[in-house]
Each structure stands twice: as structure tokens, then as C-alpha cells.
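Take a look at the structure below.
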Amino acid sequence: MNYWRLSGFYLFYFASLGALVPYWSLYLKSLGFSITEIGQLIAILMATKIVAPNVWGWIADHTGRRMAIVRIASLLGALAFAGVFLDSGYWWLVLVMTVFSFFWNASLPQFEATTMNHLGKDTWRYSSVRLWGSVGFILAVVLLGPLLDSYGAGLLPGVVLVLFAGIWFSSLLVPESAAGHLPLEQGPLREVLGRPFVISLLFVCFLMQASHGPYYAFFTIYLEDHGYSRALIGQLWGLGVVAEIAVFLAMSRLLPRYGARHLLLVAVGLTSLRWLLIACFASSLGVILFAQTLHAASFGVYHAVAIYLIHRLFTGAHQGRGQALYSSVSFGAGGAIGSLVSGYLWYGINPQAMFLLAAVASLVALLVILRGMHGDYWATDASD
């Protein structure tokens, strides 16, 4: 029963992400904002992930009431987002996006910890639950593309608000996990954070999400400038998530067979190839189609391995803050810096430069794995 309850939350949460990530930049563009202003506004969504997950993670680890936090954060996030209907000025949207994303970004890391606790010893099944988030994402991007072509970008805020309401409702159906009440028996968190392996892993996560900055912030506008229709762009986003779903279905077999280290190396290497292809061959539909299938590696494999390692490294009552750190360092700091730098590169050099720099960031992450992530932390991957 918990499988479907857990899956329902992921479905709505990532459907809202599927509405925001590809199309929010188009909505902001329709309001008359410049590329730089769009980059700044989208960076807010990422920047609040630096602070919010850690604040709520600390509260969750000390109270053990993760799902209560998820429910409160989901409700307040939806109410705050409704502010977009009141005004469309730049500074008003800065305020609305800061407040709503502070709550919205709080819920996912705590839900990830809850999911892993519900799975118990079957943590390898995480990908089969998380894939429903990918289903939600693909439904949103594929269905919204034609709708926005027909009715305009002004339709988007209403759709997002409905999806936020779905997140809150689905959170009411998920029970608290017993593991959320574990005492602080693992020693100080700083001891875990002081391990070179952990530092290297978090740096890799930062670089990987920074490399995704131009993709999440500007890929839609980038393709539109190369002559692609919004309907086709939505289908291309959807293709990436189909590939992601396929790899999530296979991860329960891939992870025990090949181990986390090998999978992470392959994922990061293919990520760099993906950004190079998008930078150099944007006008070729065939190349872009292939590049989108690489989303299976750049997000699907990478994220599943990262969640697995974070769960292993941050045990017991540190789980909430472990997931929060992963979210804040990667999707927060990495995503925000990636979006901001991309906006400036678009004007300062050219749009292709965004993806070329993303490819370089991925290559640096590959070197960090090869040179900085050693020890026994990989040793038992294949036997878990």
C-alpha cells in the first residue's frame, strides 16, 4: 500500500517540476523580462534550496516528524505561489518565488528520507518508486506544450497551482516512517562531513547540477531560437524523461551488478558528451533526439546512485540533513550558479557557450570521481 502512496507524491511533485522547468522561462519571457532577468528569477528557485532543505532537515532530524513537515511545507508553498496572480512586476515575482520555493524545496528531501525508511533493507527499490515522478514530469511537459501553443503561456500559473494542490493532498496519504524517530547515535554530523569521500561526492553533485543549469533554465528558449515549435520542444523534454524512466526501471538490476562507482563514472562521462552535442548541433533534430536520450545517464543513473550513496553515508537520525545537504549543494547551489552564469554567457558570449561550459564542468566532476573518491565506501555496493 505504501508503494502507491509514496509514488503518488512523486507523481504530483515532479509533474509540477515538469510544468515549471521547461515552461516557466517562456512565461517570464511573455511578461517582457530579459534573458538576464529570467536567469535571475529562475536562480531564486535554485538558491532557496541552499538554505531551506537544511533548515527543515534540522527540524525533521530533531523531531522525527518528517511527514508533518512535508505536509506543512506543501500547503504553504501552494498558498505562496498563488501570489503570482496578484502582480507581474519583477520585484513582486522575486518575493513570491523566494517565499513559495522556500517551502516547496523543503518537502522533497524529507520525503526522500521517508521513502528510503519505508523501503527498509530494500533501498534498491527506490528507483521503482521514483520513476512515477518521471511519469508525472513527462505527462506535464508533453501535454502542456500543445496547450501553451494554443492558449498562450498565461495558462501556466493556474496549471502549476493545481499540481501544487495535488502535492499537498498526496502528502496526507503517506504515513510517518518509524525510522524517522531514530536517536542521534551516529556522532556529530561534522564527522561525516569531514570525510574526503563525502566532500568529493558533494562536489561532484554540485558540478553535475551546475552543468544542468543552462538546460533547465534556457533549453526551451534555446531550441525555440533554432526554429523548434513548443509542441516539439515539449516532446523532446518528454523523450529525455522516457529515457530516465527506462533507466529507473533497470537500476534495481544495474546497481547490484555493476556497482555505484562504475555507474557514476559512465553517467558523468555521458553528461559531458550530451552538453557538447547540444552546443554544437542544435539545428540537427537527429542529434538533439540522441542527446535527449542521454538524460537517462545525466540525471537518471546519476541521481539514483547519488541518493543511494547519501543514504549509506548519512545514517540514522542524520538522514534528513543528509538528503537536505544533497539537495542544497547540488540542486540549490549548483543549479543557481548554473542558471545565473548561463544567463550572463547568453548575452556576454553566445548561447552555445553555456553548454560548452557545462561540458567542462562535467569533465571536472569525472576527474574528481577518479582522483578523489577512494576507500571502502564503494566496496559493498554490489552486495547490498
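Where a number appears in this text, it was derived from the coordinates with a stated rule and is not lab data. Since this is a predicted model, take the numbers as computed values, not measurements. Note that each Cβ is placed from the backbone with ideal geometry, even for glycine, and that neighbours are counted across all protein chains shown.
Quick look at the numbers
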item: Given charges at Cβ of Lys, Arg, Asp, Glu: the chain dipole, positive-most of Met208, Tyr308, Leu239; result: Tyr308
item: Computed label-point distance, nm, for sites Phe197 and Ile349 using a 7 Å Cα→Cβ extension; result: 3.6 nm
item: The chain shape via C-alpha gyration tensor axes, a/c threshold 1.5; result: oblate
item: FRET efficiency for Ala250 and Leu367, using Cβ-Cβ distance with R0 set to 35 Å, rounded to 0.05; result: 0.80
item: Which of Cys280, Cys205 has the fewest Cβ neighbours within 10 Å, and the rest in rising order; result: Cys280, Cys205
item: Residue-averaged [θ]222 nm for the chain, counting only DSSP H segments that reach four residues, each worth -39500 (n - 2.57); result: -26000 deg cm²/dmol
item: Distance between modelled label sites at Leu95 and Ala68, nm, 7 Å Cα→Cβ extension; result: 3.1 nm
item: Zone of Val287's modelled label, taken as backbone nitrogen in segment 337-368 under 17 Å from a point 7 Å along Cα→Cβ; result: 350-360
